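One structure, pasted below without further comment.
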Amino acid sequence: MTAPVPAIREQCVIVVGSGLAGLAAASQLVANNVPVRMLETLAKPGGNSIKASSGINGAPTRFQPGPDNRFYDDTIQSAGAAISQEDPDRLLRESLISVLTKSSADAVYWLADEKKVDLSKVAQLGGHSRPRTHRGAGANPPGRSIIGALLSSLESNSRFHLHTNCKVTNIIREADEIKGVGYRCEDGKTDTLLGPVVVTTGGFAGDANGMLAKYRPDLAGFPSTNEPREGSQPLLTAVGARLLDMDRVQVHPTGFVDTSSPSSPVKFLAAEALRGEGGILLLPNGSRFVNETGTREYITNVIRNVASPTDTTSRQWDLDIVLDEGSAAAVGSSIDFYTWKDLLRKETVKDLGPEAISSLQTYSDAASGKTKDPFGRQHFGHWTLKDVTPDSVVYVGKVTPVVHFTMGGVAINERSEVLDKETNQPIRGLWAAGEVTGGIHGDNRLGGSSLLECVVFGRIAGEGAAEFYKENYESEG
Ligand code: FAD
Ligand code: SIN
């Protein structure tokens, strides 16, 4: 195992990474009166979590418009073949999904009631049979509101210390137990912290030339919604952690193509709420081609089969996302942000391709209940346009599929303990939560379930690490 550099004795639990999973774990630790040191590579906290734009799933909650007992079933269905009888990890996956979905209402209430985050608006995203993705009614996107609330609550607690510009370079395992981490700060200083460790370092969808190229070479060159950043699972495999589902990578069907830099490798996400609130997808000739409320995996596959790529390497496609005024109003203030960035433009139907009028009229008829949708779409968000004319106002943006999320990562059990690759048993003193873990989502993650896994498993990890700290460290004084 890794040789430790000279150690400073610290009476704390170490949380690596300051995204939502890390902040949820830290919140639970300080709630148990346990001191926390959080180490973060970047200058600013929040990770990819702060970019989250559609919201967090929870069911059943008081914010939903009706009853909902289908979340577990929808998640199992979305996970696909990973949950088959033949899969050796089926029971583990089912127990993780059960914890995720059964704790989801509590996770939303923890944020809304204890942390005072507005989560009163609920949308129905792809692959969900009910509206259950919660966000606020105000101007801030949900990632920013949630991260802001947790950070300010933590920063007012004297037991919490955040060290930015500090990258954890190794985890220290001695015999069967994790003892701490080695880290390097921006000024080049290296040091060691001792204590139980909670790893919340996120996924590798931004590691285009590293882990993504290793596990999914077929996705090399795809644009991504994630900032470029190296994957962090090797930190954990170096101390014996088991990996699960590393080749399961989510391609989101709609990243905005910024017409001022169309081939940029990092794209703004065209949030799924745009489709959930009624938006549709059109080919360049104005024809519709898919049920826009299917899972991300399904829609992306249809795009790759029916649409023509704009480049010879088939890494980018030319599609329009179109919202009417009702859908745009329901999305709320993020429409202003997208139009300000010129990612969405206010146009009229005549500016779309030749088939657009009839495509939109057919969709409007289905949305108003006159006919069945030819692509099987059953919910239409807040689409209100009824009689489509060439002058009907629409919001239009160019979109293409983008690498968005990595379903694979280190294997954990339902207590968020990291499993050893040799024994499949928990590694003492080590927890992980959030996108760095694998196995919860199987083949396809449902929109809104990543923020949820961060809160649910982050808090479980924090609770487990707090108990461990009290039993094994506190008495050492
Ligand atoms: P992150 O938030 O990525 O945080 C990990 C942190 O660890 C980072 O700050 C990183 O710098 C740090 N780190 C990494 N390695 C080290 C190291 N060695 N030492 C110290 N620090 C380290 N999901 C939803 O459920 N709903 C949404 O609406 C939604 N919208 C999204 C929109 C966008 C544009 C993107 C990119 C993702 C979205 N997701 C959404 C996905 C979701 O935001 C992420 O999967 C989730 O927030 C990951 O959280 P995390 O805490 O695991 O990791
Ligand atoms: C989105 O807004 O489409 C992203 C939601 C998610 O990744 O869960």
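Mind pulling the angle between the C-alpha long axis of helix 449-472 and the longest principal axis of the chain? Nearest 10 degrees, somewhere in 0 to 90.
Taking the Cα atoms of the chain, the angle to 449-472 is about 10 degrees.
In the chain, what % of DSSP beta bridges are antiparallel (nearest 5)?
That works out to approximately 70 percent antiparallel.
Counting only heavy atoms of the protein chains, get the accessible area per residue of the chain (1.4 Å probe) and round it to a whole Å² value.
39 Å²
Which residues make up the longest stretch of the chain clear of GluC sites (Glu not before Pro) that lie in a DSSP loop with no more than 10 other Cβ atoms within 10 Å, not counting the sites?
Excluding the exposed sites themselves, the longest stretch runs over 87-421.
Computed over the Cα atoms of the chain, what is the ratio Rg over Rh, Rh following Kirkwood?
On the Cα set of the chain, Rg over Rh gives 0.99.
In whole angstrom, how far apart do the alpha carbon centroids of the range 405-453 and the range 173-236 sit?
The range 405-453 and the range 173-236 have Cα centres spaced 14 Å from each other.
Next question. Need the list of lysines near K372 for cross-linking: C-alpha distance under 30 angstrom, and skip anything on the same chain fewer than eight residues off.
Within the straight-line limit of under 30 Å, K372 reaches these lysines: K121, K346, K350, K386, K398.
Once neighbouring chains are kept in place and the probe is 1.4 Å, which whole percent of the accessible area of the chain is contributed by carbon and sulfur?
50 percent
Would you calculate, for the chain, the mean residue ellipticity at 222 nm contributed by helices, counting each DSSP H stretch of 4 or more residues as -39,500 (n - 2.57) and dividing by all residues, to the nearest 500?
Value at 222 nm, helices only: -8000 deg cm²/dmol.
Follow-up question, since we're still on this one. Counting Lys +1, Arg +1, Asp -1, Glu -1, what net charge surrounds Y363 among other residues with beta carbon under 10 Å of its beta carbon?
Around Y363, the surrounding residues sum to -2.
Specify the angular offset, from 0 to 90 degrees and rounded to the nearest 10, of the alpha carbon long axis of helix 142-155 from the longest principal axis of the alpha carbons in the chain.
Between the helix axis and the principal axis of the chain, the angle is about 20 degrees.
Over the Cα atoms of the range 123-252, Rg to Rh with Kirkwood Rh, two decimal places?
That ratio is 1.02, to two decimals.
Something else: If I fit a long axis through the Cα atoms of helix 296-306 and take the longest principal axis of the Cα atoms of the chain, what angle between them do I get, 0 to 90°, rounded to 10?
50 degrees
What net charge do the residues around K115 carry, taking every other residue with its C-beta under 14 Å from that of K115, with Lys and Arg at +1 and Asp and Glu at -1?
So the environment of K115 carries a net charge of -2.
Do any trypsin sites (Lys or Arg not before Pro) in the range 36-76 lie in a DSSP loop with no more than 14 other beta carbon atoms within 10 Å, and if so, which?
R62
The values are calculated or read from the model by the stated rules, or taken from the named source; none is laboratory data. For clarity, every value in this text was computed on a predicted model and none was experimentally measured. Note: ideal-geometry Cβ built from the backbone for every residue, glycine included; neighbour counts use all protein chains shown. Surface accessibility is based on the protein's heavy atoms, side chains included, excluding ligands, DNA and RNA. Shrake-Rupley method; radii C 1.70, N 1.55, O 1.52, S 1.80 Å.
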